[in-house]
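Okay, structure first, notes after.
The values are calculated or read from the model by the stated rules, or taken from the named source; none is laboratory data. Remember, it's a predicted structure, so these values are computed and weren't measured experimentally. Positions of Cβ are generated from backbone atoms using ideal geometry, with glycine treated the same way; all protein chains shown enter the neighbour counts.
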Amino acid sequence: MKPGERGATDRTQAAEPARRKRRFFRLFLVLLVGYYLFRIGLAVMDLTGSIPLDRDPGPAGRTFLDASEMLTGLVGLIAVPGLLLSKRWGYCATMGVSGYAVAFDSWATLTIQVSAAGGAIVPLLWMIWLSLYRQTYSLSEAPTPAARPTR
């Protein structure tokens, strides 16, 4: 069929939702990278004393705060290529770091400052979105152990 005929147009129109979904996914990955860089930036700013906190968490709390912010950002950045390549480990790492970020931000909201609740929004949305499209990450294909020779 030639490009102007009806069959070619139907295929092009059928491929459009997949293209839109992929564009949305890439945009969300860019936003996710920005979010993880922001988490790293928060840790650095807190280490330098640039962020005034509503309540002082004490030395141990501050160490936990900074380590959590830094690790959330770093592990999240490591997971992004796995998501881009539709790898199972990317899905699992992102779900894990997002779950941790929600729990951590809930703790920070209750103990340090209320504005920490805003940090839970992005990972919560990402967990919902990933849950809807988890079949993309081959989760049903669990690795099987190598067959052992029998005697």
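Details
- Among the criteria (1) modelled with pLDDT of 90 or more; (2) touching a Phe, Trp or Tyr at 6+ places or on another chain (Cβ under 9 Å), the one residue 21 does not fulfil is (1).
- Filtered residues of region 63-87 (kept if hydrophobic (A, V, I, L, M, F, W, C), in a helix (DSSP H, G or I) and either out of contact with any helix residue (DSSP H, G or I) (no Cβ under 7 Å at 6 or more places or on another chain) or closer than 23 Å to residue 118 by Cα (or both)): 64, 65, 67, 70, 71, 74, 75, 77, 78, 79, 80
- Qualifying residues in region 82-105 (those that are β-branched (Val, Ile, Thr) and under 8 Å from the mean Cα position of the chain (by Cα)) - the one modelled with the lowest pLDDT: 94
- Consider region 101-138 and keep the residues that are surrounded by 15 or more Cβ atoms within 10 Å (Cβ to Cβ), touching a Lys or Arg at 6+ places or on another chain (Cβ under 9 Å) and small (Gly, Ala, Ser). The one that is farthest from residue 51 (Cα to Cα) is 101.
- Within region 52-70, considering residues that are free of Cβ contacts under 8 Å to residues at least 60 places away in the same chain and among the hydrophobic types (A, V, I, L, M, F, W, C), the one farthest from residue 98 (Cα to Cα): 60
- Some residue of region 121-133 being aromatic (Phe, Trp, Tyr), more than 16 Å from residue 38 (Cβ to Cβ) and assigned to a helix (DSSP H, G or I): yes
- Residue within region 41-62 that is part of a helix (DSSP H, G or I) and hydroxyl-bearing (Ser, Thr, Tyr) present: no
- Residue match in region 88-105 (condition: basic (Lys, Arg) and outside any helix (DSSP H, G or I)): no
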